[in-house]
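To keep things clear, I will list the structure first and then write my remarks on it.
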């Protein structure tokens, strides 16, 4: 297995290691930081861990490539990114065709029949020139998590989109650490249920 190569110097290897470990751990995947380090170095780990880690690494390179090539993250690119992070795990790039609920949340994502419309409105909102930059960055993450357009991988996808928007607007990328899981989920819930975006904006600013 070849050593992982970053497509840009916008991210350090230490950041990549911590980001991948934490973004996967937040969703209950049992991997170790050592496994992430081994995959980045081209060493072998279990097939399941290797697939999850490689997909997340490729997801980071995907958003870095968009930034380097000055290509906007539109709906088609978002589906492509989802396909990257779900490669070899489940079918990626297709919106869900069933209704779902999220364990532990007071918010129920929209019916699958409304997902296409909600996603169109999501991207229209991100193009609104009057939206404050921090509101836009926070919205890009929170609203995607709220719609939950895919059956799996929505959290990983939304955290990649968040860092894409941060880097696009000249800010430092962030890591949502697994020991902050409860605080993070509370911030998501505050937006999903109460439509209050400000606590998450404050959280992002505190990471800069």
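Can you pull out every residue in the range 165-198 that is over 18 Å from the mean Cα position of the chain (by Cα) and under 21 Å from residue 108 (Cβ atoms)? Correct list: 190, 193, 194, 195, 196. Of all residues in the range 100-127, exactly one satisfies the criterion of being exposed (fewer than 12 other Cβ atoms within 10 Å of the Cβ), touching a helix residue (DSSP H, G or I) at 6+ places or on another chain (Cβ under 8 Å) and at pLDDT 95 or above, namely 120. Based on what the data block shows, is residue 146 modelled with pLDDT of 95 or more, over 26 Å from residue 8 (Cβ atoms), surrounded by 12 or more Cβ atoms within 10 Å (Cβ to Cβ) and under 13 Å from the mean Cα position of the chain (by Cα)? Answer is yes for this residue.
Taking the criterion of being touching a residue at least 60 places away in the same chain (Cβ under 8 Å) and either assigned to a loop (DSSP other than H, G, I, E, B) or closer than 11 Å to residue 154 by Cα (or both), the only residue of the range 65-77 that qualifies is 73. Of all residues in the range 104-131, those being assigned to a loop (DSSP other than H, G, I, E, B) and either touching a strand residue (DSSP E or B) at 6+ places or on another chain (Cβ under 7 Å) or without any contact (Cβ under 8 Å) to a residue 12 or more places away in the chain (or both) number 6. Restricting to the range 166-186, name every residue that is under 18 Å from residue 22 (Cβ atoms), part of a helix (DSSP H, G or I) and in contact (Cβ under 8 Å) with a residue 40 or more places away in the chain. Result: 167, 178, 181, 184, 185. Among the residues of the range 6-36, those that are assigned to a loop (DSSP other than H, G, I, E, B), exposed (fewer than 15 other Cβ atoms within 10 Å of the Cβ) and free of Cβ contacts under 8 Å to residues at least 40 places away in the same chain comprise 9, 12, 28, 30, 32. Being within 24 Å of residue 142 (Cα to Cα), surrounded by fewer than 19 Cβ atoms within 10 Å (Cβ to Cβ), more than 18 Å from the chain's Cα centre (by Cα) and at pLDDT below 95: is that true of residue 97 here? The answer is no for residue 97.
Are any of the residues in the range 136-158 farther than 23 Å from residue 27 by Cα, touching a helix residue (DSSP H, G or I) at 6+ places or on another chain (Cβ under 8 Å) and touching a residue at least 12 places away in the same chain (Cβ under 8 Å)? Yes; the residues of the range 136-158 include at least one that is farther than 23 Å from residue 27 by Cα, touching a helix residue (DSSP H, G or I) at 6+ places or on another chain (Cβ under 8 Å) and touching a residue at least 12 places away in the same chain (Cβ under 8 Å). Residue under question is residue 90, and the condition is that it be out of contact with any helix residue (DSSP H, G or I) (no Cβ under 8 Å at 6 or more places or on another chain), surrounded by fewer than 17 Cβ atoms within 10 Å (Cβ to Cβ) and part of a loop (DSSP other than H, G, I, E, B); does it hold? Yes, satisfied. Taking the criterion of being part of a loop (DSSP other than H, G, I, E, B) and free of Cβ contacts under 8 Å to residues at least 12 places away in the same chain, the residues of the range 37-49 that qualify are 45, 46.
The values are calculated or read from the model by the stated rules, or taken from the named source; none is laboratory data. Computed from a predicted model, the values in this text were never measured in an experiment. With ideal geometry, Cβ positions are generated from the backbone for all residues, glycine too; neighbour counts draw on all protein chains shown.
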